[in-house]
2 protein chains.
Amino acid sequence: MTASNDPRHEEARIRAQIDSWAAALRDKDVDRIVAHYAPDAVVADLAPPLWNTGVGTLRKNFAEWFPTWRGPIGFEVRDVHVTTGGDVAFARSTNRIHGTKTDEVQADLWVRATVCFRKLDGAWKVAHEHVSVPFYMDGSFRAAVDLKP
Amino acid sequence: MTASNDPRHEEARIRAQIDSWAAALRDKDVDRIVAHYAPDAVVADLAPPLWNTGVGTLRKNFAEWFPTWRGPIGFEVRDVHVTTGGDVAFARSTNRIHGTKTDEVQADLWVRATVCFRKLDGAWKVAHEHVSVPFYMDGSFRAAVDLKP
């Protein structure tokens, strides 16, 4: 087994990708964050629509979302669990997003994140991502933005 | 390349698993549906909490949820996209859940589904699943249960 297909090595590479992606998000750096995605990546995000398709759409979304925060975004990635196999991998984590929005609202929520990777030309890229909170089944249909891990 | 690692063959097996899982859900058959999960499967579901861990928890959740529907559950799995590699695979789809609840409420919603598989003893099992709707960013925090694909 060579370093190029050692599962421990591949898991370490995925974890480094997630760390780098999170740092780009904290820094609100659109170019650095979109570099992590495959051109045809499909993302289920916190906001509608159901799906966001293609890196051009993701770039537009990040470019619109980042300026809604005052200063850097607080972003913590916790309990990362990675599964790799050949050129496919998936990871899950619980992520905290917090900080001050430009309208002075203090935001602080925990979300579930699933990130699915494909190895393209030797580099792990995000092919599919799913980020969400559940919602309360008490008839209110309120998003559960107050849960903690 | 043998049938056991032909990506097209593995994709067909995953699609058959998804079809079988969906049929078990329509039939409200707890034993058949939990047979699709790995023992340590971790699921992000529509309802809180953030995560549901282990097939015992999933069994309890299905056993409690199925009787809240009058008759079979309407369940449609659309636009399935499968990526396989070795002993790891992931799939996404847009799923419609509809029918009559026991309190006579007519339910009908579309959700995003991500299902991540591991091959265990030659059989594909769900290791991780993430099902959600987004929520509206208009300050209402309402779950977007009215979106259509």
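Values quoted throughout were computed directly from the atomic coordinates according to the rules given, and no laboratory measurement underlies them. Given the structure is predicted, the values throughout are model-derived calculations rather than measurements. FYI the Cβ positions are ideal-geometry reconstructions off the backbone, even for glycines, and counts take in every protein chain you see.
List, in order, the whole-Hz ³J(HN,Hα) value for each residue of the stretch A:8-25 obtained from phi through the Karplus relation with A = 6.51, B = -1.76, C = 1.60 and θ = phi - 60°; use x for Gly and Pro.
Computed from phi, the couplings for the stretch A:8-25 are 5, 5, 5, 4, 4, 5, 4, 4, 5, 4, 5, 4, 5, 4, 5, 5, 5, 5 Hz.
Residues with beta-carbon under 15 Å from that of A:TRP110, excluding A:TRP110: net charge, scoring Lys, Arg +1 and Asp, Glu -1?
Charge balance in the 15 Å sphere: +1.
Roughly how many Å is it from the Cα centre of the stretch B:95-137 to that of the stretch A:67-86, as a whole number?
One Cα centre to the other: 24 Å.
Calculate one ³J(HN,Hα) per residue across the stretch A:61-73 by plugging θ = phi - 60° into the Karplus curve 6.51 cos²θ - 1.76 cosθ + 1.60, and present them in order as whole Hz with x for glycine and proline.
Karplus-based 3J(HN,Hα) across the stretch A:61-73 equals 4, 4, 5, 7, 7, 4, x, 7, 10, 7, x, x, 8 Hz.
Give me the percent of DSSP beta bridges within the stretch A:7-132 that run antiparallel, rounded to the nearest 5.
90 percent
Give me the net charge for the shell around B:LEU50: Cβ to Cβ below 12 angstrom, other residues only, Lys and Arg +1, Asp and Glu -1.
Residues close to B:LEU50 contribute a combined charge of +2.
Using the Karplus curve 6.51 cos²θ - 1.76 cosθ + 1.60 with θ = phi - 60°, what ³J(HN,Hα) values do you get for each residue of the stretch A:39-48, in whole Hz, with x for Gly and Pro?
For the stretch A:39-48, the Karplus curve yields x, 9, 4, 10, 10, 9, 10, 5, 9, x Hz.
Magnitude of the Cβ-charge dipole of the stretch B:7-132, K/R +1 and D/E -1, about the Cα centre, nearest 20 debye?
Dipole magnitude for the stretch B:7-132 comes out near 160 debye.
What number comes out for the charge environment of A:LYS101, summing +1 per Lys or Arg and -1 per Asp or Glu over other residues with Cβ under 15 Å away?
Neighbourhood net charge equals -3.
Counting other C-beta atoms within 10 Å, and keeping those with at most 11, which DSSP coil trypsin sites (Lys or Arg not before Pro) do you find in the stretch A:6-67?
none
Which lysines have a Cα lying under 21 Å from the Cα of A:LYS125, excluding residues fewer than 8 positions away in the same chain?
Within reach: A:LYS28, A:LYS60.
Restricting to bridges with both residues inside the protein assembly as shown, how much of the DSSP beta-bridge set is antiparallel, in percent to the nearest 5?
Given both bridge residues lie in the protein assembly as shown, the antiparallel proportion sits at roughly 90 percent.
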